[in-house]
Each structure stands twice: as structure tokens, then as C-alpha cells.
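The values are calculated or read from the model by the stated rules, or taken from the named source; none is laboratory data. As the structure is a prediction and not an experimental result, all values here were calculated from the model. Neighbour counts run over all protein chains shown; Cβ positions are idealised from the backbone, glycine included.
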Amino acid sequence: MLTMAGVCVLIGRVSGHAYVAAVALGAMALLGVVLPWVVVRALRVRVVSTSERVRAGECVEVTMSIKSHWPTPLAGVTVRGSGGASNPVEPMVIFVRPGDQVSTIQIRTTRRGVLKLKDLSAGTSMPFGLFDARRPVEGETDCVIWPTPANVDDVVLLPEVGMSPTDVAESRLVASSGEPAGLRPYRRGDSMRSIHWQQTSRQGRLIVRERTAAERKRCRVTLDIRATSYTDAPEFEHAVSIATGVVELACAQGWLVVMQWPGTMINAGGSSGVQEALDALARVELTDTASDPAHDSGLFITGRRGADGGFGPSLLRAGGARSNEVAA
């Protein structure tokens with residue numbers, strides 16, 4: 001448009017009407033730059049995610065509270081942004097009315113990571129599309145995108161493959177199940193059903209039955225995060241999916257799982273532990289500086305370029321199995 005205005009100025013030396021066209025085009029160009037900037041300054045957008053955690057590929061529902069001081073409705077306002085490096089957000093057009101309003105949008109995730117809502121922005125390029133003025137949205141709520149678990153065969157959990165149970169020192173506690181371990185005086189918090197009434201009457205004080213806890217199988221899962229162990233990023237993503245599948249399968253079958261890589265060790269033995277492990281797997285990234293992971297026991301997950309030996313009972317290779325390995 002500015003080029004056209006310049007051409008009109010040149011033609012204006014021949015025809016006076018061209019100067020009028022040049023002024024009109026210049027005014028339109030100025031309006032196309034200034035108006036979007038003014039409109040955006042009249043908007044205030046705050047976003048809140050209604051979901052703290054979703055799986056990769058699922059949608060995150062985001063509630064937007066919009067306050068517009070612009071006197072007329074706005075039909076060309078867009079919300080977009082990086083959303084974090086792992087989950088770019090496609091531009092979404094919203095209709096904004098004067099005053100306050102609440103809108104809900106769906107953001108589809110593409111891979112594991114963290115959707116950072118603070119990286120979103122609202123803006124417009126109305127009326128001519130010459131300048132896209134933007135303003136960051138308000139809100140610090142993030143959504144963790146869990147990795148999609150790979151289909152892991154139950155054979156991975158068999159003792160001969162490598163996730164064998166380890167000896168666990170028997171702990172004594174008051175419980176309704178397990179082998180009898182003896183009697184002891186009542187302590188605050190003990191169940192009334194554990195009271196041994198015969199001994200209580202003999203000794204003149206509350207005596208409870210003590211039983212051993214049922215032994216749970218334990219396993220250690222080590223994820224290789226060295227960049228030199230993988231041929232490309234998709235292969236590492238496959239390794240993360242394998243680790244996710246193993247952790248979820250083992251926990252579902254009652255195993256006590258230790259998930260680890262250099263600098264991280266998580267005990268995933270209950271729902272909170274599984275959640276912590278999946279949160280960590282959502283954020284884990286390849287590194288060039290990681291030391292050799294400790295993998296003297298349990299299951300070691302690596303890529304095609306991962307070293308071949310010394311991984312304890314079992315080795316999973318994201319790029320496919322070699323001799324004495326389990327295909328994943």
C-alpha cells in the first residue's frame with residue numbers, strides 16, 4: 001500500500017488527482033498500523049487451564065476471561081503462541097463483545113511436555129492485515145502433557161527377563177492380613193480389631209496382634225538420556241513411551257517401581273508416585289552432559305546407539321532388539 005502511494009506521488013506530477021489517491025493510501029496505511037495497536041490496548045485477556053494433566057494428543061480446555069474497552073464488537077481477534085517448545089498453539093479466532101465475557105477454547109496437544117499458557121498472546125491485524133498487534137495474556141497456570149505409553153508385553157515383568165523381585169526386609173505392623181509376628185502393647189492409631197482380648201484381660205492393658213506386611217515385588221527402571229545413545233529425537237520419544245508403559249504396567253500389577261536417570265530418582269509405588277513419575281517423564285530431555293546412568297540392576301531403556309553390555313538382567317532398546325535384548 002505504501003508502494004502504491006509512492007507511485008501515486010510520482011504520477012501526481014502529471015495528474016493532480018494522483019496526489020489525492022496518494023494521501024488516501026497513506027491514510028489507510030497509517031490506519032492499518034495504528035488501529036490494531038489501539039484495539040489491542042483496549043483488550044485484557046486472562047487464561048486458566050481447567051486440566052492440570054492430559055495425555056499427549058488430547059485437548060486442553062482453557063477458559064478465557066476477556067475484558068474489552070472497545071465500543072464495538074471485534075470479530076478478528078486471534079489467540080496464538082508457542083505454548084512451550086513442545087506444543088505450539090495454532091491461531092484461534094475469537095469473537096469479542098464490549099465489556100466482560102468468558103470463552104472456552106480447546107488446545108490440542110501434539111507431544112509430551114508442558115503447555116505454558118503464559119506464552120500465549122491475543123491480538124488482531126484488523127482492518128487491512130498490514131500489522132498484527134499482539135498483547136501477552138495473563139495467567140501462570142501450566143498443563144503437564146503426559147507421554148503416551150507404549151504397548152509393553154507382560155513378558156517384560158517376568159523375573160527371567162529382568163524385573164525380578166528383590167528381597168525386602170519384612171516390616172512389622174498392625175494389620176488385618178499377613179503372617180502373625182507376635183504381640184505388643186497398644187499404640188495410638190492401632191485398629192481396635194487388632195486387639196488381643198484374652199491377653200488384654202490377663203495383663204490388664206491393651207495388647208494388639210502384630211503381623212508382617214505382605215511382601216511386594218520391586219523393580220528398577222533406568223532411562224538413558226544421553227544424546228549419543230539415540231539416532232534422532234523420535235527414537236528418544238519412543239524410549240520415553242516405553243518407560244511410561246513399563247511404569248504404568250508394573251504399578252498396575254502391584255510392583256514397587258523405582259524410575260531413574262542421572263539426577264532423578266522417583267519411587268512410583270502408589271497413585272501419587274505414578275503421577276510424579278509421569279510428570280518427570282513429561283519433562284525429561286536429552287542431554288550431552290549426562291554421566292553414564294547407574295544400571296547395575298533392573299531394566300535399562302536406551303536407543304540404537306546405546307552401549308551393549310553391563311545393563312543387569314534386561315535391556316530395552318527403543319530402536320529394536322539385538323541379541324539378548326527385549327524388543328520394544
So N267 fits all but one of (1) surrounded by 22 or more Cβ atoms within 10 Å (Cβ to Cβ); (2) not in a helix (DSSP H, G or I); what number is the exception? (1)
Index of the failed condition, R46 passing every other in (1) more than 38 Å from the chain's Cα centre (by Cα); (2) outside any helix (DSSP H, G or I); (3) at pLDDT 75 or above: (1)
Kindly indicate whether any position in the range 145-158 is outside any loop (DSSP other than H, G, I, E, B), modelled with pLDDT of 80 or more and crowded, with 16+ Cβ neighbours inside 10 Å. yes
Would you please name the residue that is farthest from the chain's Cα centre (by Cα), looking only at residues in the range 185-194 that are crowded, with 16+ Cβ neighbours inside 10 Å and of a type outside the set (D, E)? Y186
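Among the candidates P73, P91, single out the residue that is closer than 20 Å to G123 by Cβ, of a type outside the set (A, V, I, L, M), at pLDDT below 85 and loosely packed, with under 14 Cβ neighbours inside 10 Å.
Exactly one residue qualifies, and that residue is P91.
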What single numbered condition from (1) more than 13 Å from the chain's Cα centre (by Cα); (2) within 23 Å of P234 (Cα to Cα); (3) hydroxyl-bearing (S, T, Y) fails to hold for T78? (2)
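Give the residue, chosen from P165, P98, that is at pLDDT 80 or above and surrounded by 12 or more Cβ atoms within 10 Å (Cβ to Cβ).
None of the others qualify; the one that does is P98.
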Got at least one residue in the range 244-260 being touching a residue at least 12 places away in the same chain (Cβ under 8 Å) and loosely packed, with under 15 Cβ neighbours inside 10 Å? yes
How many residues are closer than 29 Å to E52 by Cβ and either out of contact with any strand residue (DSSP E or B) (no Cβ under 7 Å at 6 or more places or on another chain) or at pLDDT 85 or above (or both) when one looks only at the range 119-144? 12
Counting only residues that are part of a helix (DSSP H, G or I) and of a type outside the set (V, I, T), how many does the range 183-211 have? 9
Given the criteria part of a loop (DSSP other than H, G, I, E, B), modelled with pLDDT under 90 and of a type in the set (A, V, I, L, M, F, W, C), does A22 qualify? no
With respect to E235, is the statement that it is touching a residue at least 12 places away in the same chain (Cβ under 8 Å) and under 15 Å from V284 (Cα atoms) true? yes
Test: I195 is at pLDDT 85 or above and farther than 30 Å from A280 by Cβ: yes
Condition first: modelled with pLDDT of 90 or more, out of contact with any Phe, Trp or Tyr (no Cβ under 8 Å at 6 or more places or on another chain) and among the hydroxyl-bearing types (S, T, Y). Now tell me which residues in the range 222-256 satisfy that. S241
Against the definition (free of Cβ contacts under 8 Å to residues at least 60 places away in the same chain, surrounded by 13 or more Cβ atoms within 10 Å (Cβ to Cβ), more than 26 Å from the chain's Cα centre (by Cα) and part of a strand (DSSP E or B)), how does I66 come out, yes or no? yes
R226 meets each of (1) in contact (Cβ under 8 Å) with a residue 60 or more places away in the chain; (2) not assigned by TED's automatic domain parsing to the domain that holds D288 with one exception, condition (2)
